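Engineer: One structure is given below, represented as structure tokens, and several questions about it will come after.
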Amino acid sequence: MTPAVIRFDSMRLVEDIRRRARSITGPILAIGLIVYFGYHLFAGDRGFIAWIELNKELGAAKSTLADLETQRAAMERRVALLRPDHLDLDLLDERSRAVLNLAAPDEVVIPREQAPAADPR
């Protein structure tokens with residue numbers, strides 16, 4: 001009994017490797033592209049997670065805007081009362097007493113704690 005001799009043909013092996021490499025290159029590239037774009041779809045700068053964060057910031061900005069519009073409307077109402085064509089004497093009296101720090105002799109002044117005023121510079 002003689003041992004079986006296996007012929008090793010290097011050209012066939014190289015061709016077989018090339019053929020198999022060509023057959024799996026396309027799917028590997030496709031999978032790589034799907035993973036790449038899938039990752040950036042969720043975690044990229046313009047992905048789903050960033051979109052959620054932007055919506056949160058937008059909601060916070062809208063609520064801040066609503067608060068500022070309310071404050072502005074209140075200030076505009078107070079300023080409208082001091083216009084020369086329609087002067088509210090009670091508001092004028094209140095503002096002049098506050099600015100000049102004056103009170104009538106028969107009035108009782110009750111001081112209250114206030115937050116420090118912003119520097120008007």
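Taken together, the values in this text are just the output of simple stated rules run on the coordinates, not laboratory data. As the structure is a prediction and not an experimental result, all values here were calculated from the model. Cβ placement follows ideal geometry from the backbone for every residue including glycine, while neighbour counts extend to all protein chains displayed.
Engineer: Of the residues Ile52, Ile34, Ile110, which exhibits the maximal mean-square fluctuation in a Gaussian network model of the chain defined by a 10 Å Cα contact cut-off?
Structural biologist: The residue with the greatest mean-square fluctuation here is Ile110.
Engineer: Another question, then. So what's the back-of-envelope 222 nm ellipticity for the chain, counting only DSSP H runs of four-plus at -39500 (n - 2.57) apiece and dividing by all residues, rounded to 500?
Structural biologist: Here the helix-only value at 222 nm equals -23500 deg cm²/dmol.
Engineer: Same structure, new question: Quick one: net charge around Leu54, please, counting Lys, Arg +1 and Asp, Glu -1 for every other residue with C-beta under 14 Å from its C-beta.
Structural biologist: With Lys, Arg at +1 and Asp, Glu at -1, the net is 0.
Engineer: For a quick check, take a GNM of the chain with Cα springs below 10 Å and name the residue from Ala74, Ala104, Ala61 with the largest mean-square fluctuation.
Structural biologist: Evaluated over the chain, the most mobile residue of the options is Ala104.
Engineer: Please compute the modelled spin-label separation between Ala43 and Asp88, points set 7 Å along Cα→Cβ, answer in nm with one decimal.
Structural biologist: Distance between label points: 5.8 nm.
Engineer: Moving on to the next point. Under a GNM of the chain (C-alpha, springs under 10 Å), which listed residue has the highest mean-square fluctuation: Val108, Val79, Val35?
Structural biologist: Answer for the Gaussian network model of the chain: Val108.
Engineer: Rounded to the nearest 20 Debye, what is the dipole magnitude of region 20-100 about its Cα centre when Lys and Arg each give +1 and Asp and Glu each give -1 at the C-beta?
Structural biologist: 740 debye
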